[in-house]
Amino acid sequence: MSQTPDSNPALLLPPDLAKQLQVATLVFSGTTAVLVWDILHHLGGDYCLVFKYKFRLGTAAYFVARVASMIYVLGFTLFASMHIQYANAKSAVTVFSCGLLLSSSATSLLFFLRVRAVYGGKRLVTWIFGFLWVCVVAAAITVPIGTEATRIGTLCLVTKVHSYAGAASTVLMVHDTTVFIAISYRLLANAHHEHTLGQRIRTFFSGAQLHTFSKAVFRDGQKYYMITILSNLITISLVYAQGLSPIYHGMMSIPNVALTSIMACRVYRNATLHPRPRAKSLELSATSNSRTATPRIAVPLSTDRQSSFPAEAEAWRPGQPTASADFTTLPPKSESV
């Protein structure tokens, strides 16, 4: 049975353009599948965030990022793959692009709150990174404004992506880089100081001298930064590349938004749901045949704001274990996170 333009509007397109649309559709569909899988896989954690933890601004930003990224990714997947009988292509692109605006704003807000907490809410840090967050929001507005689309039959196609729309990924990359450096500097400043430059460099990349919780925070930030910096660089390169089809200019922004949202939400979820390791104590008690009571002291081996273990004195009685010690954890240097 032969196809007609009514049953397959892609026949109205030149072969090269039809192939580009097919490639974009496959990329969008794969991105949607990954994002849906990530959301379903972490429904249990999302349930805990809503019902078992206090609902805070960070939690609200977390769910806004999840929902907005899904709207953006799924919207453009349907836009590229479905035949729409009645639709204003420009209006549809604008609505879907607002998902990028909300998702970028929410994910950058998560890291603004993170860096502010690491620095203890210092005013200068709050002003600097608050300004960077406003820049991310302002740059993301260029995407709905700078993307144009049209209809061919029942197909909707992106016809132009203005070069200034690349500011969204550029500013987001600058913001993420600044946050990563600031948090890494703060965490490493609390670690044991090294004597050589080579050891300091190794510590910066491995986090080897950090305490358990700080190392988890540091490595989560590394994973987020390494993945999103590569994704943003590819997105920016395609936006500004000369001679590419408009479909390819904006194609990478869909996977970029999905990856950024997945990684930022992962970092927030890990920091919130995974409790800090509880302090361990070193118990020392002396043996004596004397009837005089000898105190036994429990000394905290790690510091934690959420769980403190004050030293406690207890009289030794005959029959109790003697001279016991737990050396599984060395006493770390106090840190403020």
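The values are calculated or read from the model by the stated rules, or taken from the named source; none is laboratory data. The model shown is predicted, which means the values in this text are computed figures rather than measured ones. Backbone-built Cβ (ideal geometry, glycine too); neighbour counts: all protein chains shown.
List of remarks:
- The residues of segment 105-127 that are of a type in the set (Val, Ile, Thr) and surrounded by 15 or more Cβ atoms within 10 Å (Cβ to Cβ), listed by number, are 107, 115, 118, 125.
Residue by residue, here is whether (1) surrounded by fewer than 17 Cβ atoms within 10 Å (Cβ to Cβ); (2) modelled with pLDDT under 80; (3) under 30 Å from residue 81 (Cβ atoms) holds:
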position: 143; (1), (2), (3): no, no, yes
position: 148; (1), (2), (3): yes, no, yes
position: 157; (1), (2), (3): no, yes, yes
position: 166; (1), (2), (3): no, no, yes
position: 169; (1), (2), (3): no, no, yes
position: 175; (1), (2), (3): no, no, no
position: 196; (1), (2), (3): yes, yes, no
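- Residue among 247, 229 that alone is surrounded by 17 or more Cβ atoms within 10 Å (Cβ to Cβ), part of a helix (DSSP H, G or I) and among the aliphatic types (A, V, I, L, M): 247
- Any hit, segment 114-127, residues being within 21 Å of the chain's Cα centre (by Cα), in the same structural domain as residue 21 (by TED's automatic domain parsing), part of a helix (DSSP H, G or I) and of a type in the set (Ser, Thr, Tyr): yes
- Selection status of residue 120, at pLDDT 85 or above and at positive phi: yes
- Residue within segment 67-87 that is closer than 17 Å to residue 273 by Cβ, in a helix (DSSP H, G or I) and modelled with pLDDT of 90 or more present: no
- Against the list (1) at pLDDT below 90; (2) surrounded by 15 or more Cβ atoms within 10 Å (Cβ to Cβ); (3) out of contact with any Pro (no Cβ under 6 Å at 6 or more places or on another chain), the condition residue 102 fails is (1).
- Residue 47 being in the same structural domain as residue 107 (by TED's automatic domain parsing), within 29 Å of residue 268 (Cβ to Cβ), in a helix (DSSP H, G or I) and touching a residue at least 12 places away in the same chain (Cβ under 8 Å): no
Table: residues versus (1) assigned to a helix (DSSP H, G or I); (2) at pLDDT 50 or above; (3) under 21 Å from the mean Cα position of the chain (by Cα).
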| site | (1), (2), (3) |
| --- | --- |
| 243 | no, yes, no |
| 255 | yes, yes, yes |
| 258 | yes, yes, yes |
| 264 | yes, yes, yes |
| 268 | yes, yes, yes |
| 288 | no, no, no |
| 293 | no, no, no |
| 298 | no, no, no |
| 306 | no, no, no |
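- Residues satisfying the stated conditions in segment 18-58, i.e. under 17 Å from residue 238 (Cβ atoms) and of a type in the set (A, V, I, L, M, F, W, C): 21, 23, 24, 26, 27, 28
- Restricting segment 128-169 to residues that are assigned to a strand (DSSP E or B) and β-branched (Val, Ile, Thr) leaves a set whose member that is nearest to residue 62 (Cα to Cα) is 147.
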